[in-house]
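Heads up: the structure comes next, in structure tokens.
The values are calculated or read from the model by the stated rules, or taken from the named source; none is laboratory data. Computed from a prediction, not measured in an experiment: that's the story for all the values here. Here the Cβ positions follow ideal geometry from the backbone for every residue, glycine too, while neighbour counts run over all protein chains shown.
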């Protein structure tokens with residue numbers, strides 16, 4: 001877990017031009033942050049003086065005492081194992097620079113000047129500051145220490161390589177931090193003095209979010225709060241931390257108190273995303289710039305994380321993308337239907353979750369194309385273990401959507417096939433199970449030929465990851481509409497659909513959701529009916545493993561650690577470890593099934609198609625991953 005680094009955005013209370021008071025407030029927040037395990041903390045722009053000093057920035061008294069206050073601050077924080085980034089005006093001989101000062105254990109590591117100085121509307125920074133590109137000096141003496149003065153500084157801190165920029169720099173068409181990111185920075189700190197206007201905060205957050213996505217980085221932002229002069233503007237204090245577009249932590253605006261916002265940045269996640277994104281790598285080649293890398297010598301601490309891991313990473317948190325997910329599936333199937341000019345959509349319905357959602361996709365596709373749902377040929381094929389509940393739900397749901405239904409009992413044919421290969425029907429093994437699955441697919445294929453139709457696959461992403469499908473059985477179709485959806489996502493989609501449907505469809509879908517997931521291939525015993533999750537483990541765990549294994553290429557140990565946090569009140573460490581081992585063992589063993597998948601639309605950030613996201617040898621060894629799991 002050494003890829004995590006704990007960072008903070010801090011908004012101190014301050015008094016304009018009272019540098020020693022301001023230094024005391026900053027020191028107090030630094031000590032508080034250090035006790036919380038923070039390793040890097042940033043403060044707002046010109047926080048030692050206040051951003052609204054105006055022409056007082058030109059006064060030698062203010063400049064001299066600001067440096068004295070910095071001496072005091074350095075002395076008071078020297079023993080803290082904390083990198084401190086503060087903002088202050090810096091005398092650079094004949095010029096004055098607005099700088100971010102990076103400090104660690106009594107040493108000033110560097111000064112990063114502001115590149116873009118706003119000089120419009122309420123801003124007039126060029127009245128006293130010089131833009132970074134116009135500065136004459138590359139080194140200055142500050143508090144008796146000779147330090148670099150440059151925008152081309154990167155600071156190595158454990159797993160992080162960070163850069164600093166100041167306020168307006170972020171708003172520029174090409175921000176200095178973009179160049180820094182393309183040259184290796186995975187963490188950006190912005191010291192801001194941004195004032196508040198109606199609608200500005202939402203825009204500011206969107207800007208930071210998009211900026212962190214485009215640059216595949218983490219972004220820590222701190223802006224001036226209460227204490228700044230309100231002669232012409234108000235400063236409300238904005239503190240937030242983003243990682244690749246996701247807000248990890250956010251402070252309170254309009255707070256009358258000082259704030260520290262803390263979170264842990266996952267540098268491995270950022271680096272892994274960059275490994276995958278060739279466009280980022282190509283862009284880096286176009287913007288190679290000589291940066292000086294300063295090693296802070298910071299040692300990574302092992303402490304509790306100030307962040308949460310979503311236990312259901314496939315599911316949009318606010319559900320706003322549910323309609324788009326259905327539309328993506330619908331458009332994928334519509335194109336295939338138009339291209340093949342198929343007369344029917346042939347669908348095996350089981351009364352289970354996946355086939356229910358596939359039915360919904362088929363219905364919406366035909367509606368989009370102006371066709372009737374009678375063109376859906378929904379076939380239920382009961383056998384030895386089919387329950388009355390699932391059989392009834394399958395037919396009732398299909399009829400509720402107006403599909404053409406057909407029931408074919410496959411028991412006698414399966415018995416005949418078992419007899420042909422001299423297999424006892426009392427031996428309920430994999431042969432007994434797969435005979436049923438393969439014959440069902442044969443019926444669907446034959447019916448598609450007979451009606452000029454397409455066999456619609458219902459299997460989902462989670463089943464494909466685990467190989468929980470019968471090769472050349474439910475593994476095969478003519479178009480797999482659910483191949484891009486995880487089991488947990490299909491559950492969420494179905495529930496959302498049920499809550500927005502007519503009472504009849506809603507009742508049926510909710511009963512299907514309440515039905516234990518089962519292939520219904522083996523008759524029930526005294527111990528109960530066959531349940532998938534009792535055999536392979538909970539799908540919510542497997543989906544969690546799948547997401548972080550495939551989306552970010554994390555190893556078993558890190559996924560295990562994250563799962564403990566995400567499911568701490570639901571599963572024990574031993575349970576998580578057990579199912580993690582099952583996941584990786586099945587994932588590696590079942591690649592041969594994924595290597596010959598039918599076409600199916602990608603919906604989420606990852607898929608397992610051999611033509612898309614996963615090019616993996618079918619006979620790859622599990623040995624390295626197994627070794628890592630044994631060390632958990």
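Results, tabulated for the structure shown:
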{"quantity": "Segment 176-226: number of residues that are in contact (Cβ under 8 Å) with a residue 24 or more places away in the chain and in a loop (DSSP other than H, G, I, E, B)", "calculated": "13"}
{"quantity": "Condition met for residue 267 (closer than 30 Å to residue 371 by Cα and either at pLDDT below 95 or surrounded by 14 or more Cβ atoms within 10 Å (Cβ to Cβ) (or both))", "calculated": "no"}
{"quantity": "Residue 325, sole failed condition from (1) more than 33 Å from the chain's Cα centre (by Cα); (2) under 29 Å from residue 518 (Cβ atoms)", "calculated": "(1)"}
{"quantity": "The lone exception for residue 156 - which of (1) over 25 Å from residue 283 (Cβ atoms); (2) within 30 Å of the chain's Cα centre (by Cα) it fails", "calculated": "(1)"}
{"quantity": "In segment 510-521, the residues that are over 34 Å from the mean Cα position of the chain (by Cα) and closer than 19 Å to residue 396 by Cα", "calculated": "520"}
{"quantity": "Yes/no for residue 302 being at pLDDT below 95 and either under 26 Å from residue 6 (Cα atoms) or in a helix (DSSP H, G or I) (or both)", "calculated": "yes"}
{"quantity": "Residue under evaluation residue 121, criteria (1) in a strand (DSSP E or B); (2) closer than 25 Å to residue 253 by Cα, criterion not met", "calculated": "(1)"}
{"quantity": "When residues of segment 522-539 are limited to those that are in contact (Cβ under 8 Å) with a residue 40 or more places away in the chain and within 21 Å of residue 572 (Cα to Cα), the one farthest from the chain's Cα centre (by Cα)", "calculated": "532"}
{"quantity": "Subset of segment 606-616 [closer than 18 Å to residue 544 by Cβ and touching a helix residue (DSSP H, G or I) at 6+ places or on another chain (Cβ under 6 Å)]", "calculated": "606, 608"}
{"quantity": "Answer from 288, 272 - the residue that is surrounded by fewer than 19 Cβ atoms within 10 Å (Cβ to Cβ), over 30 Å from residue 452 (Cβ atoms) and more than 27 Å from the chain's Cα centre (by Cα)", "calculated": "288"}
{"quantity": "Test: residue in segment 279-288 that is outside the structural domain of residue 492 (by TED's automatic domain parsing), in a loop (DSSP other than H, G, I, E, B) and touching a residue at least 24 places away in the same chain (Cβ under 8 Å)", "calculated": "yes"}
{"quantity": "Residues of segment 68-98 that turn out to be in contact (Cβ under 8 Å) with a residue 60 or more places away in the chain and surrounded by 20 or more Cβ atoms within 10 Å (Cβ to Cβ), as a count", "calculated": "7"}
{"quantity": "Segments classed as helices (runs of 4 or more DSSP H), wholly inside segment 531-632, with at least 3 members that are more than 18 Å from residue 475 (Cβ to Cβ) and assigned by TED's automatic domain parsing to the domain that holds residue 456", "calculated": "539-551, 556-566, 573-589, 623-630"}
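Residue by residue, here is whether (1) crowded, with 20+ Cβ neighbours inside 10 Å; (2) in the same structural domain as residue 39 (by TED's automatic domain parsing); (3) touching a strand residue (DSSP E or B) at 6+ places or on another chain (Cβ under 9 Å); (4) modelled with pLDDT under 95 holds:
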residue	(1), (2), (3), (4)
112	yes, yes, yes, no
119	no, yes, no, yes
131	no, yes, yes, no
136	no, yes, yes, no
146	no, yes, yes, no
150	no, yes, yes, no
156	no, yes, yes, no
